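A short worksheet on the structure shown next.
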Amino acid sequence: MSRHRSRRRKKLPTEAVVTTIEKLSHDGRGIAHVDDKITFISGALAGEEISFCYTSIAATHAEGVTVEVLKASPDRVEAGCAHFGICGGCSLQHMSADDQIKLKEDALLEQFKAFGEVTPEEVISPLRGDTWGYRRKARLGVKFVPKKGGVLVGFREQRSGFLAVLDSCPVLHPAVGERITVLRELFTKLEAKDKIAQIEVAVGGDDQVALVLRNLVTLTSADEALLIEFAKETGIYLYLQPKGLNSITPLYPADLALTSLHYELPSSGVHFDFAPYDFTQVNSSINEQMVPRALEWLEVNEKDHVLDLFCGLGNFTLPLAKRAATVVGVEGDKTLVDRAEANAQSQGVFNTRYHVANLMETDLLQTWMRSDYSKVLLDPPRSGAAEIIEKLSFDKTERIVYVSCNPATLARDAGILVNKKGFRLVKAGVMDMFPHTGHVESIALFVR
């Protein structure tokens, strides 16, 4: 007879523990040593005496959540959202906007040293915008929970897969964030109240709002009528998505195009049509500052041949094309490449060429890689751009601007560019794309 030792999850202590926070982690959690174990505690600031409860205990570290602040830091501020501490959408609202920026700058510089063994010659002033109502893209969960009064709409709870009970969200664009209660009441009235899984939120320029409802069943005519009435009253565009992305169809207005939304970059005189599910920058105010900064740092002129890697729907490609001789945009998502080409053609921009390619492939070999580019722009996902940076020679490249959503992979890639490819890290700084969160967006300039 075989013997199996049962593995039971170790029970966490139920009583709150008092400790003093020594410093903050890169993501804004308090760090303390409790029982000789490093412990990360959310909702705490450096120097504070707090009580906390454990949420997990591992062999090397533990995690917890603040229960009570016994001795507050002078830097602590009142959270601007009534759901702070419950909703997992934000984690830094107890920090002032200035302190949030300082935390992110420190994280960026520390990771440059730790992962890239590089230091920027200049740390530039952060790009900042509105800290409330800034979020124009989001995916909201939807769940029918009778014990909590009906349908819930919003983000997950901290450290939990359950949806938080929200009535508003002040970081979302007000057209959606101030209508959470309305959406909850609307969905609770539907016959398919337990068959709506999520809402894709997208807000374009002129405050156009589109909601894509992920409906798991075909809606009845009565349900559609309720949704259409809501759309007429609010001016919100409504789409249904019964299956994959290819199944998305307009509900109201019935003749709504998939690319019903648009945004502009006034400094470059260009605009972009996009679908609600396309990747666009969450924070339009920061995007409108970020693109001109990238162009300024690249010093693009009419003789330049520019490579725009991870180009998406052309957020940088079109503005670059206004100044350069040619721009080559490369992106792994064919739908976004098609969108980029359509946006260029509709505005009479004909000096761009686009290619679909998975830039994470280590054996990637395409014709556009054999061309010489005087300037390069990189805007990769969180995993960074190490594979394509290693593949390209950059022999004729004078300047590279790297836009990053992950300081660790930016730092790693900076090490490659500086220590292997012959560039200097001239400038770097953070951009407050996601206020009140630990997310660090940054931009860096490399010069040969």
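Any read-out appearing in this document is the output of simple, stated calculations on the displayed coordinates, not a laboratory observation. No experiment lies behind these values; they were computed from the predicted model shown. Backbone-built Cβ (ideal geometry, glycine too); neighbour counts: all protein chains shown.
Need the list of lysines near residue 420 for cross-linking: C-alpha distance under 22 angstrom, and skip anything on the same chain fewer than eight residues off.
Once the sequence-local lysines are set aside, what remains near residue 420 is 113, 375, 391, 396.
If R0 is 22 Å, what FRET efficiency do you get for residue 257 and residue 356 from their C-beta distance, rounded to 0.05?
Computed FRET efficiency for residue 257 and residue 356 comes out at 0.45.
Put one equal scatterer on each alpha carbon of the range 96-183, apply the Debye formula with no solvent term, and list log10 I(q)/I(0) at q = 0.15, 0.16, 0.22 1/Å to two decimals.
-0.76, -0.80, -1.04
Give me the Debye-computed log₁₀ of I(q)/I(0) at q = 0.18 Å⁻¹ for the range 17-76, equal point scatterers on Cα only, no solvent, two decimals.
Scattering profile of the range 17-76, log10 relative to I(0): -0.50.
Checking the table 37/421; 148/334; 195/232; 23/147 against a 31 Å threshold on Cα-Cα, which pairs fail?
37/421; 148/334; 23/147
Using 0.36 nm times the number of residues separating residue 390 and residue 233, minus their current alpha carbon distance, what extension gain do you get?
51.2 nm
In 20 Å bins starting at 0, how do the alpha-carbon pair distances of the chain split up by percent?
Reading the bins upward from 0: 22, 50, 27, 1.
Write down, largest first, the equivalent ellipsoid semi-axes of the range 305-448 in whole Å, where each equals the square root of 5 times an eigenvalue of the alpha-carbon gyration tensor.
Working: eigenvalues 103, 70, 44 Å².
One finds semi-axes of 23, 19, 15 Å for the range 305-448.
Once the mean 1/r over all distinct Cα pairs of the range 137-261 is inverted, what Kirkwood radius in angstroms do you read off? Present the calculation step by step, with values, prior to reporting the outcome.
Working: mean 1/r = 0.0682 Å⁻¹.
In the range 137-261 this quantity evaluates to 14.7 Å.
Taking just the alpha-carbon atoms of the range 1-140, what radius of gyration and Dmax come out, in angstrom?
Taking only Cα atoms of the range 1-140, I get Rg and Dmax of 18.5, 68 Å.
Below 8 Å between Cα atoms, with a sequence gap of 6+, how large is the relative contact order for the range 286-406 in percent?
Relative contact order here is 26 percent.
Beyond a 31 Å Cα-Cα separation, which of these cross-linked pairs lie in this structure: 243/322; 11/189; 137/322; 104/193?
243/322; 11/189; 104/193
Once you keep just the Cα pairs under 8 angstrom separated by 6 or more residues, what percentage relative contact order results for the range 75-212? Please list the in-between numbers first.
Details: 192 pairs, mean separation 31.6, N = 138.
Contact order relative to length: 23 percent.
Mind pulling up the Rg/Rh value for the range 59-98? Radius of gyration and Kirkwood radius, both on Cα.
Rounded to two decimals, Rg/Rh equals 1.01.
Where does each of 71, 195 land when they are ranked from fewest to most other beta-carbon atoms within 10 angstrom?
Starting with the residue having the fewest Cβ neighbours, the order is 71, 195.
Between the range 167-220 and the range 246-272, what's the alpha-carbon centroid distance in Å?
Between the Cα centre of the range 167-220 and that of the range 246-272, the gap is 18 Å.
Could you give the radius of gyration (one decimal) and Dmax (whole number) of the Cα atoms in the range 366-441, in Å?
My reading of the Cα-based Rg and Dmax gives 13.2, 43 Å.
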